[in-house]
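First up is the structure itself, then whatever we jot down about it.
The values are calculated or read from the model by the stated rules, or taken from the named source; none is laboratory data. Note that this is a predicted model, so its numbers are computed, not measured. Virtual Cβ from ideal backbone geometry, glycine too; neighbours counted across all protein chains shown. Note: accessible area is taken over every heavy atom of the protein model, side chains too, but ligands, DNA and RNA are not part of it. Shrake-Rupley method; radii C 1.70, N 1.55, O 1.52, S 1.80 Å.
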Amino acid sequence: MRGLTFEPKPGGLRILCLGAHSDDIEIGCGGTILRLAEQFPDCQIDWVVFSAEGARGEEAQRGARIFAGSRLQAALIETFRDGFLPYIGGEVKAVFEDLKSHLSPDLIFTHYGKDAHQDHRLISELTWNTFRDHLILEYEIPKYDGDLGQPSVFVPLPLAISQAKVAKLMDVFGSQRSKRWFQAEMFAGLMRLRGMECNAPEGMAEAFYSRKLVL
Ligand SMILES: [Zn+2]
């Protein structure tokens, strides 16, 4: 499928990655981040994880450094209680307001608005509610609940980048390896499926939802 791409921008493309938990950003758009960092060496990436305590907080920091590399501007790792974000929404919203006061990204990655996880949905809702004049792409997180849908934006990935994404996921998130779903085959399988749907040259892609897009 023929596509358009981002233009290099004076001063570098500003990217904001938002995730409820440690590993969400990396699973949802890790390959795209690796590709953008390679394609636009002067891009600047800000990274925010809202619920990552203890070992998961350390993994979130490491994930940001490993995926964004030298393009990482700042990683903000919050420690709100996992599973409870909608019930402490005012405190989470305050973090968004603070982000808005000093960031104006060209591109924002956030959770899919119809994600089955309540924390993911709140982060998606607050992204739209806070950033009113920005390009927002919503990433998908495969899960037991089976909430995958029909995404509208595809980012084809070189095979090497898709493999690097999986290797980094398995390396960084040691606390998740015991979970039955946290498997290299699962991550590769979803990228292969999305790659098939967009005719990706090397077979692999990540997919996103766009609610609105200006060309
Ligand atoms: Zn999550």
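Of note:
- Apportionment of accessible area to carbon and sulfur, the chain, percent (1.4 Å): 52 percent
- At a probe radius of 1.4 angstrom, the accessible area of the chain per residue rounds to 49 square angstrom.
- Tensor-based shape of the chain (alpha-carbon gyration tensor, a/c under 1.5 rounded, otherwise prolate or oblate): rounded
- Computed over region 92-215, the range of Cα coordinates on each principal axis works out to 39, 37, 26 Å, biggest value leading.
- Shape call, region 78-122: gyration tensor on alpha carbons, a/c limit 1.5: oblate
- Whether region 73-147 is rounded, prolate or oblate, judged on the alpha carbon gyration tensor where a/c under 1.5 counts as rounded: oblate
- Area of residue 172 that stays accessible when all protein chains are in place (1.4 Å probe, Å², to 10): 10 Å²
- The Cα atoms of region 140-203 define a convex hull whose projected area, averaged across directions, is 4.5 nm².
- Residue order for 78, 26, 125 - accessible surface, 1.4 angstrom probe, largest first: 125, 78, 26
- Its Cα centre serving as origin, the chain has a Cβ charge dipole (Lys and Arg +1, Asp and Glu -1) of approximately 320 debye.
- Integer Hz, Karplus 6.51/-1.76/1.60 couplings in order for region 175-181, x for Gly and Pro: 5, 9, 5, 6, 6, 4, 8
- Taking every alpha-carbon pair under 8 Å whose residues sit at least 6 apart, the chain reaches a relative contact order of 23 percent.
- 144, 87, 139, ranked by accessible area, largest first (probe 1.4 Å): 144, 87, 139
- Given charges at Cβ of Lys, Arg, Asp, Glu: the chain dipole, positive-most of 201, 146, 55: 201
- Placing unit charges on the Cβ atoms of the charged side chains and taking the dipole of region 29-166 about its Cα centre, the candidate lying farthest along the positive direction among 112, 85, 45 is 45.
- Sorting 143, 114 on solvent-accessible area from highest to lowest, probe radius 1.4 Å, gives 114, 143.
- Under 12 Å of direct C-alpha separation, and excluding same-chain neighbours fewer than eight residues apart, residue 212 reaches these aspartates and glutamates: 133, 138.
- Region 1-15-region 26-98 distance, computed between alpha-carbon centres (Å): 21 Å
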